[in-house]
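Inspection log for the structure reproduced underneath, given as structure tokens.
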Amino acid sequence: MSLWYTLDQWVLFGVWLLAIPVGGFAFVHALMQRADAFTAADKLTKPAWLGITGASLLVLIVFQYGPRSSGALFWIAGLVAVLVYIVDVRPAVVRVQGGGPRW
């Protein structure tokens with residue numbers, strides 16, 4: 001086993017560990033927002049985003065990412081869904097509710 005392979009595994013493990021709290025943050029944020037803010041921001045409804053972020057969080061917890069992992073595709077899809085919420089939906093919902101560009 002080479003040093004690069006070991007480093008690669010550690011980086012993937014670190015990304016996997018960081019993805020779980022990010023998914024949790026996205027789910028909790030969606031849970032705490034007003035339902036009408038989602039439709040006012042021209043996004044999917046609050047229940048839809050709760051389902052998307054909740055299912056994504058579950059996938060991020062259950063499937064460990066890795067080159068030989070059978071759930072790698074599901075893991076990547078879950079991570080992308082959570083990142084879409086954080087990058088696109090969250091700022092729009094906060095802006096509609098009168099908040100500025102806070103992070």
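The values are calculated or read from the model by the stated rules, or taken from the named source; none is laboratory data. On a predicted model such as this, the values are computed, not experimentally measured, just so you know. Note that each Cβ is placed from the backbone with ideal geometry, even for glycine, and that neighbours are counted across all protein chains shown.
Kindly indicate whether any position in segment 50-67 is surrounded by fewer than 17 Cβ atoms within 10 Å (Cβ to Cβ), touching a residue at least 40 places away in the same chain (Cβ under 8 Å), closer than 28 Å to residue 95 by Cα and out of contact with any helix residue (DSSP H, G or I) (no Cβ under 7 Å at 6 or more places or on another chain).
No.
Which one of these does residue 24 not meet: (1) closer than 30 Å to residue 10 by Cβ; (2) surrounded by 14 or more Cβ atoms within 10 Å (Cβ to Cβ); (3) at pLDDT below 95?
Going through (1) closer than 30 Å to residue 10 by Cβ; (2) surrounded by 14 or more Cβ atoms within 10 Å (Cβ to Cβ); (3) at pLDDT below 95 one by one, residue 24 breaks only (3).
Return the only residue of 77, 19, 72, 35 being over 30 Å from residue 6 (Cα atoms) and either of a type outside the set (Asp, Glu) or surrounded by 15 or more Cβ atoms within 10 Å (Cβ to Cβ) (or both).
35
Please enumerate the residues belonging to segment 51-69 that are more than 30 Å from residue 6 (Cβ to Cβ) and more than 11 Å from the chain's Cα centre (by Cα). Give the steps one after another, and end with the answer.
Initial filter on segment 51-69 (more than 30 Å from residue 6 (Cβ to Cβ)): 51-55.
Answer for segment 51-69, where residues must be more than 30 Å from residue 6 (Cβ to Cβ) and more than 11 Å from the chain's Cα centre (by Cα): just 51.
Search segment 1-14 for residues being part of a helix (DSSP H, G or I) and surrounded by fewer than 12 Cβ atoms within 10 Å (Cβ to Cβ), and hand back the single one that is modelled with the highest pLDDT. Can you show your working first?
Filtering segment 1-14 down to residues part of a helix (DSSP H, G or I) leaves 3-14.
Now restrict to residues that are surrounded by fewer than 12 Cβ atoms within 10 Å (Cβ to Cβ): 3-7, 10-11, 14.
Numbers: 3: 66, 4: 65, 5: 68, 6: 81, 7: 83, 10: 83, 11: 84, 14: 87.
Among those residues, the one meeting the criterion is 14.
Please specify each residue of segment 9-34 satisfying the condition of being aliphatic (A, V, I, L, M) and in contact (Cβ under 8 Å) with a residue 12 or more places away in the chain.
We begin by selecting, within segment 9-34, every residue aliphatic (A, V, I, L, M); these are 11-12, 15, 17-20, 22, 26, 28, 30-32.
Correct list: 12, 15, 19, 20, 22, 26, 30, 31.
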